[in-house]
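Let me begin by presenting the structure, written as structure tokens, before commenting on it.
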Amino acid sequence: MLNKIKSRIDLPSLLTTDQPIGVELGVLRGDYSKSILNKYNFKKFFMIDWWKKPKHIPNYLKLLDYSISNNNTDIYVLRGSFKEFVNIFNNNFFDFIYVDGLAHTGQLEGQTIRDWLPKIKPGGLFCGHDYCEDYPKTKHYVDLIANEYKFNVNVVGVDDGHPSWYYTKK
């Protein structure tokens, strides 16, 4: 289903909660996280990535600096795998989850989505990037899990080349 929102930057506008709590899984440079944090009033925001390769460490360090200098949102930059951090959060903790990592694997054949889905509050948005033919595994597992949970798959940013998808948790 196509949505009236044109870009992934506007996904948080669908939230009905004042000062939501959010996380991006797969941050790299933090461009998307910083864009939505500059536009929306999150209470807390978590950025999780491995930053495994030495060439990625400067990205991690810049995001640590950004997290310290941001006065509007409590920002937590966490270095490690998505699996490592999923259990530190209670179920129904997040209002907004955005997955932008491991698209070539279909988010580990859907396991990342399955692991993190309980962490989203009812009415919250579970979203991700790369819902396109370039990443057929992502499309497959997003659709499969939506079918299992009877979620509608909503798509935004079709003109961006790598659209984003989202579910609203019931």
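The values are calculated or read from the model by the stated rules, or taken from the named source; none is laboratory data. As the structure is a computational prediction, the values presented were derived from the model and not from experiment. Because the Cβ atoms are built from the backbone with ideal geometry, glycine has one as well, and the counts that use them run over all protein chains shown. We work out accessible area using only protein heavy atoms, side chains counted, and drop any ligands, DNA or RNA first. Shrake-Rupley method; radii C 1.70, N 1.55, O 1.52, S 1.80 Å.
With respect to residue 150, is the statement that it is basic (Lys, Arg) and either in contact (Cβ under 8 Å) with a residue 24 or more places away in the chain or within 16 Å of residue 6 (Cα to Cα) (or both) true? No; evaluated as a whole, the condition is false for this residue. Any residue that is closer than 13 Å to residue 26 by Cβ, open to solvent by 50 Å² or more (accessible area, probe 1.4 Å) and in contact with a His (Cβ under 9 Å, 6 or more places away or on another chain) - is there at least one of those in the stretch 52-59? The answer is no, given that none of the residues of the stretch 52-59 is closer than 13 Å to residue 26 by Cβ, open to solvent by 50 Å² or more (accessible area, probe 1.4 Å) and in contact with a His (Cβ under 9 Å, 6 or more places away or on another chain).
Surrounded by fewer than 19 Cβ atoms within 10 Å (Cβ to Cβ) and under 14 Å from the mean Cα position of the chain (by Cα): does that describe residue 168? Against the criterion (surrounded by fewer than 19 Cβ atoms within 10 Å (Cβ to Cβ) and under 14 Å from the mean Cα position of the chain (by Cα)), residue 168 qualifies. Scanning the stretch 35-42 turns up no residue that is of a type in the set (Phe, Trp, Tyr), more than 18 Å from residue 119 (Cα to Cα) and open to solvent by 60 Å² or more (accessible area, probe 1.4 Å). Taking residue 116 as the residue in question, decide whether it is open to solvent by 30 Å² or more (accessible area, probe 1.4 Å) and not acidic (Asp, Glu). So residue 116 fails the test. Quick check on my filter: what residues within the stretch 66-90 are open to solvent by 90 Å² or more (accessible area, probe 1.4 Å) and outside any helix (DSSP H, G or I)? Result: 71, 72, 79, 87, 88, 90.
With respect to (1) surrounded by fewer than 19 Cβ atoms within 10 Å (Cβ to Cβ); (2) touching a helix residue (DSSP H, G or I) at 6+ places or on another chain (Cβ under 8 Å), the lone exception for residue 150 is condition (2). The set of residues from the stretch 1-57 being within 13 Å of the chain's Cα centre (by Cα), of a type in the set (A, V, I, L, M) and more than 23 Å from residue 85 (Cα to Cα) comprises 9, 11.
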